[in-house]
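Note sheet for the following structure.
The numbers here are math on the coordinates, done by the rules we state, and not lab data. What you see is a predicted model, and the numbers here were worked out from it, not measured in a lab. Cβ placement follows ideal geometry from the backbone for every residue including glycine, while neighbour counts extend to all protein chains displayed.
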């Protein structure tokens, strides 16, 4: 069974599940984002996704900056340093700008187009997706 047919089957099940849009690409993006947020090195994710260019993989860092701050706060020595006099309640966090569904879908579509173009430029290259 080819990649296109698998994508068609997944898309059909996504629609049956009542989700407006979705495909195998959406699952790839979710997997990569969750791995990055879980602490996986972006180079490993790049390899798993078969991206020849790290910039293609870096789209996942845009949606996980919140997690990066959490990791920094919990692991970086400088984040743990607090002056003795100011050990008071932490200031309230400002509203974080969250990515809208439309913005995320736009990024996914652009990434999918870039991957198609890479495939067209390198037709004999084995796909790892």
- With a ≥ b ≥ c from the Cα gyration tensor eigenvalues, square-rooted, and the rule rounded for a/c under 1.5, otherwise prolate when a/b > b/c and oblate otherwise, the stretch 15-75 is oblate
- Note on the structure: Neighbour-count ranking for 119, 73 (other C-beta within 10 angstrom, fewest to most) reads 73, 119
